[in-house]
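The values are calculated or read from the model by the stated rules, or taken from the named source; none is laboratory data. As the structure is a prediction and not an experimental result, all values here were calculated from the model. Glycine gets a Cβ as well: all are built from the backbone with ideal geometry, and neighbour counts include every protein chain shown.
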Amino acid sequence: MPDGRLFVGGEWEAGTGPEITSVFPADGSVNRVLRGASRQDGLRAIARAKAAQADPAWRGLKPHERARYLYRIADGIEANAERIARIQTRDTGKTLRETRMLAASAAGTFRYFGAVLESMDDALTAQRGDALTMSVWEPLGLVAAITPWNSPIASDAQKVAPALAAGNAVLLKPASWSPLVALELARIVEAAGLPKGLFSVLPGSGREIGTLLVEHPDIARVSFTGGTGTGRQIARQAAEKLMPVSLELGGKSPTIVFADADPDLAIAGILFGIFSSTGQSCIAGARLFVQRAIHDAFVARLVRATERLRVGHPHDPATQVSCLVHPDHRDAVEAHVAAALAEGATLLTGGRRPEDPALAGGAYYLPTVLAGVPNSARICREEIFGPVLVVLPFEDESEVIAQANDSDYGLACGIWTRDFPKAWRVGRAITTGTVWINTYKQFSISTPFGGEKDSGMAREKGREGLRAYQAQKSVYTDLTGRPHPWAADVLEGL
């Protein structure tokens, strides 16, 4: 485990904020007790970041020279991938199989943005007068990255890599439930030789550290992934500063199975989309719409498949569904299900903690399938962030489009059908940031990601994800060598 010191502007220091306890949710054991960042720690990090970012040793680097740092960080993540995976499993309860993939993803993200940095060009714009015109890109300055607890190393990389590639300094605030893997990332970044001050890791409360990073006048952009309520608050605070933000927020994503779908393909994708990561994913396919012609048989088979999923310890390579991140979160998921049952939902499977005595000390909850409620029910409207699926029937294309769009959220959608033109029509008609056709929860760092409506604003990843951390500047250079005609006559005889 990291030793609990914070990385404050390139220096390892004990935090002076409230105490944070990292717990292994599989059995309740303590990973590390540390002091989080205080406002004073944050101010010190900001001051060091400002000085480091303004230093020509960083700001004046050519793009290919900055890219070398990203490649070295990627190499460091790959060399420490197993250690990173085990720290993240201890911090979050995710299976080692998943955290190993997340570590590999983080390394790929740094490598990708290094390559993007080397291959992106400024633009010589079309000449419309007697000047050479160019569009160039420059760093914003200081960037705050605020990441969630559910996939920290991957989320950290998706914000830190493009922000550093763009020439900024980055202050990373990880979630208090999962502070340790970000501190391990800081160790790797330091070993890569990044100039001191350009990167900080400040675990702490959103009320103190989050607010400081959003409101401080030297922070030029905030990238936030988390809950919609917090995202709204950040947007309001950013508006006061006229500061750009990217907000990747909650979801209640629809998955749609048409009567002509391949049932094996659909069921495998649905199970992965909602129950992998124990449902703790913003893009989890939490609302399942099944065409009425196949509804009963399909749902019966889905329930049988759900009951065969292997629930177990995150270190067990056979485990498919692990524990939730914290007992408090498990209790919140239980409360959502209890409320749905009280409102008339039918429990098809799950809805309780596992009976295995070996799992009794952990924050476990069985994969759960509910039915018998309309799309207007609370269980269909509110994000649960747990292994809970609600099944709803539909008749035809127009009905399912209307129901899928009848949500405050618009983050993702899955569609299963053998009819590609139909999949295309429905996918284009759903208000969402991502559509998967005959698959689910597949990602590429080269493909932009973000949401609509209460699921957020702006996009991350992809080549343009780097430009989001830069300011565009226009440059005009005179080609005539003559004084401007507006004032030429007043110069005569001088």
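The condition (being under 22 Å from the mean Cα position of the chain (by Cα) and either of a type in the set (D, E) or outside the structural domain of A52 (by TED's automatic domain parsing) (or both)) is satisfied by just one residue among D91, D130: D91.
The residue that is nearest to Q291 (Cα to Cα), among those in region 402-422 that are more than 26 Å from the chain's Cα centre (by Cα) and either of a type in the set (A, V, I, L, M, F, W, C) or outside the structural domain of A268 (by TED's automatic domain parsing) (or both), is A402. If I ask for residues that are over 23 Å from A268 (Cβ atoms) and surrounded by fewer than 22 Cβ atoms within 10 Å (Cβ to Cβ), which ones from region 309-328 would you list? Passing the criteria: H313, H315, H326, P327, D328. Scan region 452-482 for residues that are touching a residue at least 24 places away in the same chain (Cβ under 8 Å) and either on the phi > 0 side of the Ramachandran plot or aliphatic (A, V, I, L, M) (or both) and report the count. Total satisfying the criteria: 10. Among the residues of region 432-447, is there at least one that is among the basic types (K, R), within 30 Å of R467 (Cα to Cα) and in contact with a helix residue (DSSP H, G or I) (Cβ under 6 Å, 6 or more places away or on another chain)? Looking through region 432-447, at least one residue is among the basic types (K, R), within 30 Å of R467 (Cα to Cα) and in contact with a helix residue (DSSP H, G or I) (Cβ under 6 Å, 6 or more places away or on another chain). Number of residues in region 329-365 that are buried (at least 19 other Cβ atoms within 10 Å of the Cβ) and assigned to a loop (DSSP other than H, G, I, E, B) equals 7.
Just to be sure before I move on: is I430 crowded, with 16+ Cβ neighbours inside 10 Å, assigned by TED's automatic domain parsing to the domain that holds A342 and of a type outside the set (S, T, N, Q) in the structure I sent?
Working: crowded, with 16+ Cβ neighbours inside 10 Å: yes; assigned by TED's automatic domain parsing to the domain that holds A342: yes; of a type outside the set (S, T, N, Q): yes.
Criteria met by I430.
Scanning region 1-40 for residues that are more than 18 Å from R90 (Cβ to Cβ) and aromatic (F, W, Y) returns F7, W12. Scanning region 114-143 for residues that are closer than 13 Å to R467 by Cα, in a loop (DSSP other than H, G, I, E, B) and at pLDDT below 95 returns M120, D121, D122.
Is it the case that T319 is assigned to a helix (DSSP H, G or I) and of a type in the set (S, T, N, Q)? Judged against the criteria, T319 is not a match. With respect to (1) at pLDDT 95 or above; (2) out of contact with any strand residue (DSSP E or B) (no Cβ under 7 Å at 6 or more places or on another chain); (3) part of a loop (DSSP other than H, G, I, E, B); (4) of a type outside the set (V, I, T), the lone exception for R428 is condition (3).
When residues in region 160-207 are screened for being part of a helix (DSSP H, G or I) and modelled with pLDDT under 95, 2 of them pass. In region 428-447, the residues that are on the phi > 0 side of the Ramachandran plot form Cβ pairs under 7 Å with partners that are not hydrophobic (A, V, I, L, M, F, W, C), at six or more places apart or across chains, as follows: K441/G273; K441/S276.
Considering (1) in a helix (DSSP H, G or I); (2) basic (K, R); (3) buried (at least 19 other Cβ atoms within 10 Å of the Cβ), the lone condition that K441 does not fulfil carries the number (1).
For region 56-72, taking the residues that are over 17 Å from I219 (Cα atoms) and in contact with a Pro (Cβ under 8 Å, 6 or more places away or on another chain), the one that is surrounded by the fewest Cβ atoms within 10 Å (Cβ to Cβ) is identified as A57.
Only residues that are touching an Asp or Glu at 6+ places or on another chain (Cβ under 7 Å), farther than 20 Å from T439 by Cβ and in a loop (DSSP other than H, G, I, E, B): list them for region 398-424, please. Passing the criteria: only D408. Residue check: is E452 closer than 30 Å to A166 by Cα, surrounded by 12 or more Cβ atoms within 10 Å (Cβ to Cβ) and at pLDDT below 95? Considered against the rule, which asks whether it is closer than 30 Å to A166 by Cα, surrounded by 12 or more Cβ atoms within 10 Å (Cβ to Cβ) and at pLDDT below 95, E452 comes out as no.
Of all the criteria given as (1) among the aliphatic types (A, V, I, L, M); (2) closer than 30 Å to L61 by Cα; (3) not assigned by TED's automatic domain parsing to the domain that holds T92, the one not satisfied by A220 is (3).
Taking region 310-346 as the region of interest, how many residues are more than 23 Å from D91 (Cα to Cα) and in contact with a strand residue (DSSP E or B) (Cβ under 9 Å, 6 or more places away or on another chain)? Within region 310-346, residues that are more than 23 Å from D91 (Cα to Cα) and in contact with a strand residue (DSSP E or B) (Cβ under 9 Å, 6 or more places away or on another chain) number 6. The numbered conditions (1) surrounded by fewer than 18 Cβ atoms within 10 Å (Cβ to Cβ); (2) farther than 19 Å from D316 by Cβ are all true for A37 except (1).
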